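Asker: Pasting a structure below so you can have a look.
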Amino acid sequence: DLMQTASLNGFDTKITGTTGDYSKTAGSHVAVITSGIPRKPGMTREELIGINAGIVKEVTENLVKHSPEVIIIVVS
C-alpha cells in the first residue's frame, strides 16, 4: 500500500521485505524487525525473551553488516 501511493504523496521511497537474504537490505536507512516466536504453553517470559533476544541480535548484526548507519525499529 505504501509503495502504491508513494508517487501520489511525493515520496521517493523503496520498501523491501526479506527473510534471510540480508544483502537485499544493503544501503537501508531504516529497518523494522518483527522477528520472534510466540510464547508457547508452559514457557516462561524469561525463556521467551532469551530466545527472541537471540533472534533480534542475529537480525541486527546482519542488518548492520549491510547498512552500518541503519536506524532499527523493533516491533514486539
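Bear in mind these aren't lab numbers, they're just calculated from the coordinates by the rules spelled out. Note that the coordinates shown come from a computational prediction; the quantities given were computed from them, not determined experimentally. Every residue, glycine as well, gets a Cβ built from its backbone with ideal geometry; the counts of neighbours run over all protein chains shown.
Asker: Pull up the cross-link candidates among the lysines for K24, meaning alpha carbon to alpha carbon under 25 Å and not fewer than 8 places away within one chain.
Answerer: By straight Cα distance, K24 reaches K14, K57, K65.
Asker: When Cα Rg over 2.2 N^0.38 Å is calculated directly from the model, which label among (1) 1.29; (2) 1.13; (3) 1.34 fits?
Answerer: Correct label, based on the coordinates given: (3).
Asker: Now, a different point. Considering the chain as a Gaussian network with a 10 Å cut-off on Cα pairs, which listed residue, G54, G20, G36, attains the greatest mean-square fluctuation?
Answerer: G20
Asker: Calculate for the chain the 222 nm mean residue ellipticity that helices alone would give, adding -39,500 (n - 2.57) per DSSP H run of length 4 or more and normalising by residue count, nearest 500 deg cm²/dmol. Before the final figure, lay out the partial values.
Answerer: Numbers: 2 runs with 30 residues, N = 76.
About -13000 deg cm²/dmol.
Asker: Work out how much length L8 to S35 would gain on full extension: take 0.36 nm times their residue separation and subtract the Cα-Cα distance, in nm to one decimal. Numbers along the way, then the final one.
Answerer: Working: separation 27, 0.36 × 27 = 9.72 nm, distance 3.09 nm.
The span from L8 to S35 would gain 6.6 nm if fully extended.
Asker: So, one more: With everything on Cα atoms, drop me the angle between helix 45-66 and the longest principal axis of the chain, reported from 0 to 90° to the nearest 10.
Answerer: The angle comes out at about 30 degrees.
Asker: Under a Cβ-only charge scheme (Lys and Arg +1, Asp and Glu -1), can you give me the dipole magnitude of the chain about the Cα centre, in debye to the nearest 20? Intermediate results must be reported in sequence, preceding the final value.
Answerer: On the way: 7 positive and 8 negative charges, 36 e Å.
With Lys and Arg at +1 and Asp and Glu at -1, about 180 debye.
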